[in-house]
Amino acid sequence: MDDIITMAERPREFICIVCPVGCPLKVDGDGDNIVVTGNACPRGDAYGRQEFLRPTRVVTSSVSVLGADSPLVSVKTKGDIDKARIPAALAEIRALTVRAPVGIGQIIAPDLAGTGVPLVATSAAARV
Ligand code: SF4
């Protein structure tokens with residue numbers, strides 16, 4: 001599992017994705033003593049700490065829709081979820097089917113995979 005951080009993996013290196021510059025970050029330490037280097041601004045420091053301690057992602061996918069002009073609607077999580085929860089989130093998304101009509105922003109699952117984060121539609125599907 002790449003989410004388990006061992007001493008052998010430290011320090012860890014990331015590319016900051018907060019802006020297009022893409023600074024190469026190196027993060028090391030533990031507890032209250034995390035050190036981020038390579039960042040050109042404070043946003044990279046925050047990003048590096050988060051990636052090191054508790055990586056999260058927005059998940060995008062699609063969900064089957066019944067009775068619509070399209071078989072799928074695109075969806076995304078309304079916020080970041082723990083990276084370790086992504087397989088459970090994708091399994092839940094694969095099992096979902098919704099009925100048309102679906103509107104953009106409509107909540108498809110209020111608490112995706114127990115993360116507390118809703119799954120919302122990012123495309124619409126009209127009823128046929
Ligand atoms: S550290 Fe700052 S400048 Fe560098 S990529 Fe991240 S946000 Fe952009």
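Here, each number is a calculation from the coordinates, and none is a lab measurement. Every value quoted in this text rests on a predicted model; they were computed, and no experiment measured them. Cβ atoms come from the backbone with ideal geometry, glycine included; neighbour counts cover every protein chain shown.
See the values below:
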{"item": "DSSP beta bridges in the chain [antiparallel fraction, %, rounded to 5]", "result": "90"}
{"item": "Tilt relative to the chain, helix 42-53 - C-alpha long axis, 0 to 90 degrees, to 10", "result": "80"}
{"item": "Relative contact order for the chain, counting Cα pairs under 8 Å that sit 6 or more residues apart, in percent", "result": "19"}
{"item": "Local electrostatic count, Val36, Cβ distance below 10 Å [Lys/Arg +1, Asp/Glu -1]", "result": "-1"}
{"item": "Candidates Val98, Val18, Val75: whichever shows maximal mean-square fluctuation once the chain is modelled as a Gaussian network with Cα springs under 10 Å", "result": "Val18"}
{"item": "For the chain, built as a Gaussian network whose Cα springs stay under 10 Å, the top-fluctuating residue of Ile107, Ile34, Ile86", "result": "Ile34"}
{"item": "Summed residue charge, Cβ within 14 Å of Ala100's Cβ, Lys/Arg positive, Asp/Glu negative", "result": "+1"}
{"item": "Cα-based helix-to-principal-axis angle, 86-95 vs the chain, degrees rounded to 10", "result": "10"}
